[in-house]
Amino acid sequence: NSKLRHVEKDVLIPQIMRDRAKELCSDKVQAFTKCCKETGLLMVVKCRQENTALKDCLVGYYSDPSFYEECKAEYLKQREEYRATGIKKKRQKFTQNV
């Protein structure tokens, strides 16, 4: 059964999308984090470039329909396994081949 409830469409699948997008944009997340740690309170002004690069990367994934479908398929697989076993599995971290 692949019918989705409201909470699955609007909360659970977007959460998977956010997690995966952060992993896929990890270099930009690290650059922004490093900039913020180095500049302290001035991060709002001094880290604009890193923040913009991070936002562009994340929004690129969030707005990609094929990425949504990948995350939806991952969620449906997790849900099917949970319904079959009753055991919730932790989500695997994706590694990027560099």
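Here are the numbers:
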| quantity | calculated |
| --- | --- |
| Residue in segment 59-72 that is open to solvent by less than 60 Å² (accessible area, probe 1.4 Å), farther than 15 Å from residue 13 by Cα and either at pLDDT 90 or above or assigned to a helix (DSSP H, G or I) (or both) present | yes |
| Test: residue in segment 26-42 that is assigned to a loop (DSSP other than H, G, I, E, B) and surrounded by fewer than 15 Cβ atoms within 10 Å (Cβ to Cβ) | no |
| Single unsatisfied condition, residue 95 versus (1) at pLDDT below 95; (2) more than 14 Å from the chain's Cα centre (by Cα) | (2) |
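The values are calculated or read from the model by the stated rules, or taken from the named source; none is laboratory data. On a predicted model such as this, the values are computed, not experimentally measured, just so you know. Positions of Cβ are generated from backbone atoms using ideal geometry, with glycine treated the same way; all protein chains shown enter the neighbour counts. Note: accessible area is taken over every heavy atom of the protein model, side chains too, but ligands, DNA and RNA are not part of it. Shrake-Rupley method; radii C 1.70, N 1.55, O 1.52, S 1.80 Å.
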